[in-house]
Amino acid sequence: MSAIRKKILDKIDQYTTILEHAVNPDPSSITDIYESKAFNNKDRQEALELFSKLTQINRLLLESDALAEDKMSAEAISTAVKEWRLAHTRVAQTIKKMRECWSETQSSEKIGRYFG
């Protein structure tokens, strides 16, 4: 069961990191700054809600790992899978928006401003 929990945790960590950068871009990262331009306030709020939901799942799985109780681990994994089924489409839409911003034609002058 710990291998399943670990695999889920790894995936959730990956997605929470992406969402965290969408909500709170690192000003020293050209990728974060560039992609943040694709989001309006509503998009950021939705990303924050997803981030919160995935972080709750992450903490539940970590708690079950720390307690090392099979019943709690099974319940945590079941909850994580259920919640992921509800959230995965929204996560994919957010990532798509980030990907698509790179397809837009940008002048080298505009991109150059990110380098200072």
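Each reported figure results from applying straightforward, stated rules to the coordinates on display, with no laboratory input. Model, not experiment: these values are computed from the prediction. Quick reminder, even Gly has a Cβ in these numbers, built from the backbone with ideal geometry, and neighbours come from all protein chains shown.
Please compute the contact order of the range 2-115 in relative form: average sequence separation of alpha-carbon pairs under 8 Å and at least six residues apart, divided by the residue count, as a percent. Please report the intermediate quantities before stating the final value.
Numbers: 76 pairs, mean separation 38.2, N = 114.
RCO, the range 2-115: 33 percent.
Counting only alpha carbon atoms, the long axis of helix 70-101 and the longest principal axis of the chain meet at about 10°.
Mean-square fluctuations from a GNM of the chain, with a 10 angstrom spring cutoff on Cα atoms, peak among Val23, Val91, Val81 at Val81.
As a rough footprinting exposure proxy, the listed residues Thr17, Thr79 were ranked by other beta carbons within 10 Å of their own, and the order from fewest upward is Thr17, Thr79. The helix-only estimate of mean residue ellipticity at 222 nm for the chain, built from DSSP H runs of length n ≥ 4 each weighted as -39500 (n - 2.57), is -27500 deg cm²/dmol after division by the residue total. Three semi-axes describe the equivalent ellipsoid of the range 21-71; taken as square roots of 5 times the Cα gyration tensor eigenvalues and ordered largest first, they are 32, 13, 6 Å. Which entries in the list Lys7/Lys53; Lys6/Lys37; Lys6/Lys42 go over 26 Å, if you measure between the two C-alpha atoms of each? Exceeds cut-off: Lys6/Lys37; Lys6/Lys42. Counting neighbouring beta carbons within 10 Å and listing from fewest to most, the residues Leu48, Leu86 come out as Leu86, Leu48.
Against the chain, whose longest principal axis comes from its Cα atoms, helix 41-67 is set at around 30 degrees.
On a per residue basis, the convex hull of the C-alpha atoms belonging to the range 37-98 measures out at 71 Å³. Mind sorting out which of (1) 20.4, 62; (2) 17.0, 57; (3) 17.1, 49 is the real Rg and Dmax of the Cα atoms in Å computed from the coordinates? Label (2) holds the value from this structure. Could you work out which residue, out of Glu69, Glu46, Glu104, moves most in a Gaussian network model of the chain, that is, has the largest mean-square fluctuation with Cα springs under 10 Å? Evaluated over the chain, the most mobile residue of the options is Glu104.
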